1. Starting from residues that are assigned to a strand (DSSP E or B) and free of Cβ contacts under 8 Å to residues at least 24 places away in the same chain, keep the ones in the stretch 41-68 and report whichever is farthest from residue 27 (Cα to Cα).
2. For a quick check of your reading of the model, give me the residue pairs whose first member lies in the stretch 132-157 and is in contact (Cβ under 8 Å) with a residue 60 or more places away in the chain and on the phi > 0 side of the Ramachandran plot, whose second is surrounded by fewer than 16 Cβ atoms within 10 Å (Cβ to Cβ) and in a strand (DSSP E or B), with beta-carbon atoms closer than 7 Å and at least 6 apart or on different chains.
3. Just checking, how many residues over the stretch 82-108 are outside any strand (DSSP E or B) and either within 16 Å of residue 12 (Cβ to Cβ) or out of contact with any helix residue (DSSP H, G or I) (no Cβ under 7 Å at 6 or more places or on another chain) (or both)?
4. Please verify whether the stretch 123-136 includes one or more residues that are in a helix (DSSP H, G or I) and under 26 Å from residue 29 (Cβ atoms).
5. Applying the selection to the stretch 23-36, what residues are surrounded by 22 or more Cβ atoms within 10 Å (Cβ to Cβ) and either modelled with pLDDT under 95 or on the phi > 0 side of the Ramachandran plot (or both)?
6. Filter the stretch 137-170 down to residues that are within 14 Å of the chain's Cα centre (by Cα) and assigned to a strand (DSSP E or B), then give me how many there are.
7. Sort out which residues of the stretch 171-192 are modelled with pLDDT of 65 or more, outside any loop (DSSP other than H, G, I, E, B) and more than 17 Å from the chain's Cα centre (by Cα), and write them in order of number.
8. Please work out which residue is nearest to residue 107 (Cα to Cα), limiting yourself to the stretch 23-40 and to residues that are in contact (Cβ under 8 Å) with a residue 60 or more places away in the chain and in a loop (DSSP other than H, G, I, E, B).
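The values are calculated or read from the model by the stated rules, or taken from the named source; none is laboratory data. The model shown is predicted, which means the values in this text are computed figures rather than measured ones. All Cβ positions, glycine included, derive from the backbone under ideal geometry; neighbour counts span all protein chains shown.
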């Protein structure tokens, strides 16, 4: 079973004041943290860039990951999800499922990724749940990629598709911090 990771890191961070991929957090960029966490569990790891993609590519240590550019990043997360799934469909080696995670969740851990990845299969749909609330990572089996891509719109990503299908909820309470960074601490962006 080959399970890839897809790190969505293309957004402009409108509420944050800058692209979150370029935000420094506890000594590294958010995109670097997300890639390191994903690499601890998955191979391959794809990261979708968009806003200031060249700056991210030049600045961030993305070793062990493949960067994909989403030219339509301004249309929302759905276009980044489609970009990543298309990249995986054309990957040289067969990938059976993908764990989707977000760049702005610095509290994500390999333990949470592993717990959700344990449900990996071509026909699988699974999502992490924290104290009863769905969150990331989300596992999408290959059999669902076309359907997810067809229904993803705006900033909803796979939400609509998942609402219409049976999804395994995987309790990850205590394994990771599911909070995303929407605004900078103190209201001031921290660029590299």
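1. Once the filter is applied, the top-ranked residue is 68.
2. Taking only residues 6 or more apart or on different chains, not a single pair turns up.
3. 14
4. no
5. 23 - this is the single residue of the stretch 23-36 that is surrounded by 22 or more Cβ atoms within 10 Å (Cβ to Cβ) and either modelled with pLDDT under 95 or on the phi > 0 side of the Ramachandran plot (or both).
6. Step one: list which residues in the stretch 137-170 are within 14 Å of the chain's Cα centre (by Cα), which gives 137-140, 155-159.
Next cut, assigned to a strand (DSSP E or B) only: 137-140.
Final tally of qualifying residues: 4.
7. 171, 173
8. Here is the first cut: in the stretch 23-40, the ones in contact (Cβ under 8 Å) with a residue 60 or more places away in the chain are 23-26, 29-31, 33-34, 37-38, 40.
Now restrict to residues that are in a loop (DSSP other than H, G, I, E, B): 23, 26, 40.
Numbers: 23: 14, 26: 11, 40: 14 Å.
Going through the qualifying residues, I end up with 26.
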